[in-house]
Structures are given as C-alpha cells and as structure tokens.
1. Search region 169-186 for residues that are within 10 Å of ARG94 (Cα to Cα) and pair each with any residue that is open to solvent by 30 Å² or more (accessible area, probe 1.4 Å) and among the aromatic types (Phe, Trp, Tyr) when their beta-carbon atoms are under 8 Å apart and the residues are at least 6 apart or on different chains.
2. Within region 31-60, work out how many residues are surrounded by fewer than 18 Cβ atoms within 10 Å (Cβ to Cβ) and either touching a strand residue (DSSP E or B) at 6+ places or on another chain (Cβ under 7 Å) or under 21 Å from SER185 (Cα atoms) (or both).
3. With respect to ALA68, is the statement that it is surrounded by fewer than 21 Cβ atoms within 10 Å (Cβ to Cβ), touching a helix residue (DSSP H, G or I) at 6+ places or on another chain (Cβ under 7 Å), within 28 Å of SER185 (Cα to Cα) and small (Gly, Ala, Ser) true?
Amino acid sequence: DFALLEKVLEAAMKYQMEIITAPLKVQLLEYAHQSPIRVYAFAIHHGMDDEARAAARASLRYTLLEIATQNVPELAELPSIHYQRLLRFILECRQEFSNISLDLRWIPMGTPSERRDPVTLRTSVYWDSATNPPWVNCGACPQHGVTVAISPQQTHFRVRRWWMEYLERAQKELMERPCADTVQSPTLLEP
C-alpha cells in the first residue's frame, strides 16, 4: 500500500540504494493517478521534483472540490507554500485549457488520411492539409453553422453547429478537469 511504499522509499533514499529507489519511484508514480496530492506532498518533502511534477499533472484529473476534500496526512509535513503552488498550477491550467476551446487557431487545417505504398502494401496515416476537416464541411450534418476564425491567418470558416456545441461543452468540462482525458470522455463525445 502507499504508506508502506513511502517507508521503503524513504529508507532506500536515506541509504542511497539507487537499485531499489528507481523502481520504487516508478511505483510511486502509479499511485499519482489515485492519490495525486499524497504523491505530490511526499515527493516535495523528499526533493523528488520530477515525481512532484507528474503528481501535479495527475491532479488535473480531479476537481478542486475533490482535491480539497482528500485526506492527505502528508500535507502536515509540507510547508503551505508548496500546496499553494499546486493550487495555482491547477487554476492556471484550468484557465489555459478553457482558453484553447475559445481560440481555435491551434487546430490544424486538414484531415487525417491513409496512404498505401504500392510496393510494400503498407498503409500509413498522414495529414492532408488540402482538405477541410469534417467539422467544417461534413456532408451528413445540417448546413447551418456559425462562422469562426480557426487559423493563424484568421481565415473564417462556417463550421457545423455540432462542433461548436462540443467546444462549448468541452470548455465547461475543462474548467473543472483540465486534462486531455476530459475532452476524450464518452460523456462529452456522445452528444
């Protein structure tokens, strides 16, 4: 369990047993998905910067309410400035992820396409920048839409309403959980 892992890792680090420390750090990062704040606090307390960063990124899968209400005994040993930095990081990520759902210039024009090599018969995927993505001109979707700027050159396209509705839902969700899993979740994609 996590408490035992903490004790063994502390001992391995104290006695500089790198052969044991390295795999234990990997195991510690596996706990970051379940208990990111515990891993973050432990890593900060022991000067494990890479593991602390990974735990901070893993915390983005949780809402602020879920983070604030977690029982984290390791926080008692941590100076509050580190917890404040973590919360600031989460809030900044929430804002940035929300912004990318409003400014669409980061989205490349084109669509993924397949190419078959005539000699090897292998298929590879490439980005065809000569075609418009399906959210611009999907033949199966209704013709109504909205006009938005989506390229660095401020090119305006009339995009499908379903795309804009998806982005609006994504923006709301990203304000709560600013991570890639959010925009790929079935609950967000299915509507």
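The values are calculated or read from the model by the stated rules, or taken from the named source; none is laboratory data. None of the values given here were measured: they were computed from a predicted structure. All Cβ positions, even for glycine, are placed from backbone atoms using ideal geometry, and neighbour counts span all protein chains on display. Please note that ligands, DNA and RNA were not included when accessible areas were found on the heavy atoms of the full protein model with its side chains. Shrake-Rupley method; radii C 1.70, N 1.55, O 1.52, S 1.80 Å.
1. LEU174/PHE97; MET175/PHE97; ARG177/TYR62; PRO178/PHE97; CYS179/PHE97
2. Counting residues in region 31-60 that are surrounded by fewer than 18 Cβ atoms within 10 Å (Cβ to Cβ) and either touching a strand residue (DSSP E or B) at 6+ places or on another chain (Cβ under 7 Å) or under 21 Å from SER185 (Cα atoms) (or both) gives 3.
3. Values: surrounded by fewer than 21 Cβ atoms within 10 Å (Cβ to Cβ): yes; touching a helix residue (DSSP H, G or I) at 6+ places or on another chain (Cβ under 7 Å): no; within 28 Å of SER185 (Cα to Cα): yes; small (Gly, Ala, Ser): yes.
Criteria not met by ALA68.
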